[in-house]
Structure formats: C-alpha cells, structure tokens
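The values are calculated or read from the model by the stated rules, or taken from the named source; none is laboratory data. Quick caveat: nothing in here was measured; it's all calculated off a predicted structure. So basically every Cβ, Gly included, is an ideal-geometry build from the backbone, and we count neighbours across all protein chains shown.
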C-alpha cells in the first residue's frame, strides 16, 4: 500500500506518517523547500519536494499512490489571502492532480476541522447533518477545501474528518495555554464548552476511515466523546503542569484588541484576530455517533490523561 501524505512534517502529519509505517504503508511525504523534517528523522519514508500551491509540482507526485492523505493547511495566518491560497486553492490543486494523473486511487482523505462547520448556536453538539456556518477565515477556507473534495465524491473515493481541538506531543498551538497556566495567570472569557481529541486517537480514526468501505463519500466528526467546560480544560492543564493559575476575567469586547496586539508583534501565533472570531462563541462541540457506528471508532484518551502526557513531552523537549 503506497501512501502520499501532505503536511507530513507538521504536528498531526508527522504522527500520521509514523502510524502509517507501523501499519504497513510505503509512505511518500510531500515537503516544501522550507519544511523542517526533524519529526521524520529515523522513519523509513521517501521525501519528495513539492507544494500544494504549485499545481505543476503535484502531477508526478500523485502518480502511483494508492492513498492520498491531505493534511497540509494553514491554521493561522496574518493574511486572509494566505488562508484561501493554501487551504482552498491548494486543495483544489491536489484534487485536480489526482483526477488527471491517478484515476485508480483507492482513497483520498481530507483533514478538515470543526471550524469548517462552525460553533453550535444552541448548545447541542453538531452532527454531520448540520449546515456548516464557519465564523473565521480559517473555518471558511477549510470548508471551501471540504466542498472541493466532497464535490468530487462521484469521481474519487473520498473521506473527510472534522476534528475539534487536537492536542498532544509536538503541538505548538495549545503550548501557549500550557505556558500561561504555568505562569500562574490565565485569561478567562466565560463559561464555554469544547470537544477535544488527543492526537493518537485522531490518527487511529483517520486510518480506520480509509480502511472502511462505509467511509467512502462520507464526512465524520471525531472527538474523545466528552464535552469539557472552560474550567475543566484549565484544571486539566493545571494538574499537568502542577500549577493552580489565577483566572483573570477578560471582557469579550476587548478580545479583538488582544488579537491585534498579538499580531503587532509580527509573529503569527494562535492568539490572533481570526482565532478571536471563534473564541467569541461558547459552544465548540460535536457528536461522534456516526464515527462510532460506521468506523467502530473508540477514543482511548480523555483530557486529564492527554494533558499530562502532553505536558511531560513539553518538559522533556524543553518547550515548557
């Protein structure tokens, strides 16, 4: 089984590559010139240079692959155009390359996001029948990528997964919150509800989905099956870093200013104006019943255990 993985050098992609190898896949990783490949060191993979935003670089890469796992994408950017160029047009380029050069593909997997569906507006977990209503540019561009992939479900055997917050070793996005808690002060913007998934569980769901005939042409939400309040998330991280932080109430009206100030530092991070658009909503929750019934997906890690393992990895690698 030959697999092509985009986004292979990133947090989720590098975990997927390692798991695919253990499962018996022959893995090719699409990497850009600027990609840092340290997470792939020691793994038996083939590195091929290319970029989803460069249509011509993809034709030869997709030939011969049995499975294509499209994980490449931007989760944060200063420019809206960058989000659309990578998340939407990059996806279109890859799908077109597969259609033109690999008509016998076994499966095209697209990693979307709960952000593509948007928040719940009534406090009920979203399911796959809910109409997507993304509220951030990131979410809108992931949904555009979704529509491109799903629109070709009659031409390609596609599968889409929408995870909520993904965390675990190598994740740099939630690292900032671990650091805040460890510092002893954490901003608190009110009681909210969130779905989470530990990276190992997400990888298990991805592999289950591409191995299942029942997943062809389907979209799935996956999570650890629990819904967490803001306080439960903070408490789990606090236990993991062994620090009880002071919760500092942040009025929602000044949250956009926090995003702007963060961007003024000229370094893109998870606290930005686009992410603030999502943080203004209280319910980022999803229902995983379809994944449980169709894929026999059984998440193993809840947030207290996962936060501890993540914090331990951060400490060992001197990130925390």
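Name the single residue, out of those in segment 84-111 being without any contact (Cβ under 8 Å) to a residue 40 or more places away in the chain and in a loop (DSSP other than H, G, I, E, B), that is surrounded by the fewest Cβ atoms within 10 Å (Cβ to Cβ).
Ranking the qualifying residues of segment 84-111, first place goes to 104.
Taking only segment 92-111 into account, find how many residues are over 22 Å from the mean Cα position of the chain (by Cα), within 26 Å of residue 214 (Cβ to Cβ) and at pLDDT 95 or above. Steps first, answer last, please.
So the first thing to find is which residues in segment 92-111 are over 22 Å from the mean Cα position of the chain (by Cα), and the list is 96-106.
Subsequent filtering for residues that are within 26 Å of residue 214 (Cβ to Cβ) retains 98-99, 102-106.
Keeping just the survivors that are at pLDDT 95 or above gives 98-99, 102, 105-106.
Summing the residues that are over 22 Å from the mean Cα position of the chain (by Cα), within 26 Å of residue 214 (Cβ to Cβ) and at pLDDT 95 or above in segment 92-111 gives 5.
Does segment 53-61 contain any residue that is over 28 Å from residue 215 (Cα atoms), over 18 Å from the mean Cα position of the chain (by Cα) and without any contact (Cβ under 8 Å) to a residue 24 or more places away in the chain?
Yes, that holds for at least one residue.
Given the conditions (1) modelled with pLDDT of 95 or more; (2) in contact with a helix residue (DSSP H, G or I) (Cβ under 9 Å, 6 or more places away or on another chain); (3) in a helix (DSSP H, G or I), and given that residue 313 satisfies all but one, which numbered condition is not satisfied?
For residue 313, the failing item is (2).
Mind checking which residues of segment 54-82 are over 13 Å from residue 108 (Cα atoms) and buried (at least 19 other Cβ atoms within 10 Å of the Cβ)?
58, 61, 72, 73, 75, 77 - these are the residues of segment 54-82 that are over 13 Å from residue 108 (Cα atoms) and buried (at least 19 other Cβ atoms within 10 Å of the Cβ).
Looking at segment 112-203, what strands (runs of 3 or more DSSP E) fall wholly within it and have at least 3 residues that are buried (at least 19 other Cβ atoms within 10 Å of the Cβ) and within 13 Å of the chain's Cα centre (by Cα)?
Result: 158-162, 165-167, 196-198.
Working only within segment 263-287, note down all residues that are modelled with pLDDT of 95 or more, part of a loop (DSSP other than H, G, I, E, B) and in contact with a helix residue (DSSP H, G or I) (Cβ under 9 Å, 6 or more places away or on another chain).
Our first condition is that a residue be modelled with pLDDT of 95 or more; within segment 263-287, this holds for 283-287.
Those left that are additionally part of a loop (DSSP other than H, G, I, E, B): 285, 287.
Result: 285, single match.
Residue by residue through segment 125-153, note down the ones that are over 20 Å from residue 85 (Cα atoms) and in contact (Cβ under 8 Å) with a residue 40 or more places away in the chain.
Those that are over 20 Å from residue 85 (Cα atoms) and in contact (Cβ under 8 Å) with a residue 40 or more places away in the chain: 125, 126, 127, 128, 153.
Just need a number here: residues in segment 275-289 that are surrounded by fewer than 20 Cβ atoms within 10 Å (Cβ to Cβ) and in contact with a strand residue (DSSP E or B) (Cβ under 8 Å, 6 or more places away or on another chain).
Count: 3.
Determine, yes or no, whether residue 293 is modelled with pLDDT of 95 or more and either part of a helix (DSSP H, G or I) or at negative phi (or both).
Values: modelled with pLDDT of 95 or more: yes; either part of a helix (DSSP H, G or I) or at negative phi (or both): yes.
Yes.
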